[in-house]
Amino acid sequence: MKNVVQIILMAILASCLFSCNSYQRKVKKIVEEWTGKEVVFPPLKAKMMGRDTVLPNILNHKFKILTYVDTVGCTSCRLKLFDWRILKKELDTLSEKVPLLFVIQSENYQEFEEIQRVNKFICPVFYDYHGDLNKINHFPDDPNFQTFLLDEDNKVIVIGNPVTNEQMRKIYWDVITHRQPVE
């Protein structure tokens, strides 16, 4: 009986090690594929707290953070707008203006606007009614890899979500403040 338990534990351990290694390979592949890739923007309708707004020069910045949200599942859970609001306040302290490009593809924009209001998230949001941004760019399926730090040419410098991963937040901050080159 003891040997059977040991064999099961070893199998579980081996499975965990294999899956972690497999995930690391997947992450490495995504990062390699996306670093330096240009994100192409179709015409998108911008709104601020549910009202139409015009943002003619939002793509003309040295850095910008794009996050694409396909609101399938728990919209509020996936958005983390309160955390984004905190990050936005931090970004506003920098001398380099770094806009957030929040692109939402949803079946229910009213639900999103309510979540935005409750979280006091006063940033422009782009509505992608037909998922055109994703159709053009073919973003990774994993929501952890649907946030990008873009350069002035809309090329990906960093991929990963700075509000769900503290290491990513540090990388974004270091690149934006020129403390560390991206490798």
#### Entry: Neighbourhood net charge (11 Å Cβ-Cβ; Lys/Arg +1, Asp/Glu -1) for GLY36
-3
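Quick one: grab the alpha carbon gyration tensor of region 95-152, order the square roots of its eigenvalues as a ≥ b ≥ c, and give me rounded if a/c is under 1.5, else prolate or oblate depending on whether a/b is larger than b/c.
oblate
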### Task
Once you have a ≥ b ≥ c as the square roots of the Cα gyration tensor eigenvalues for region 35-176, tell me rounded if a/c is under 1.5, and otherwise prolate or oblate according to whether a/b is larger than b/c.
rounded
### Query
When the Karplus curve 6.51 cos²θ - 1.76 cosθ + 1.60 is applied with θ = phi - 60°, which whole-Hz ³J(HN,Hα) does each residue of region 60-65 get, with x for Gly and Pro?
9, 10, 4, 10, 8, 10
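Values quoted throughout were computed directly from the atomic coordinates according to the rules given, and no laboratory measurement underlies them. Everything numeric here is computed off the predicted structure, so don't read it as measured data. Here Cβ is always computed from backbone atoms with ideal geometry, including for glycine, and neighbour counts include all displayed protein chains.
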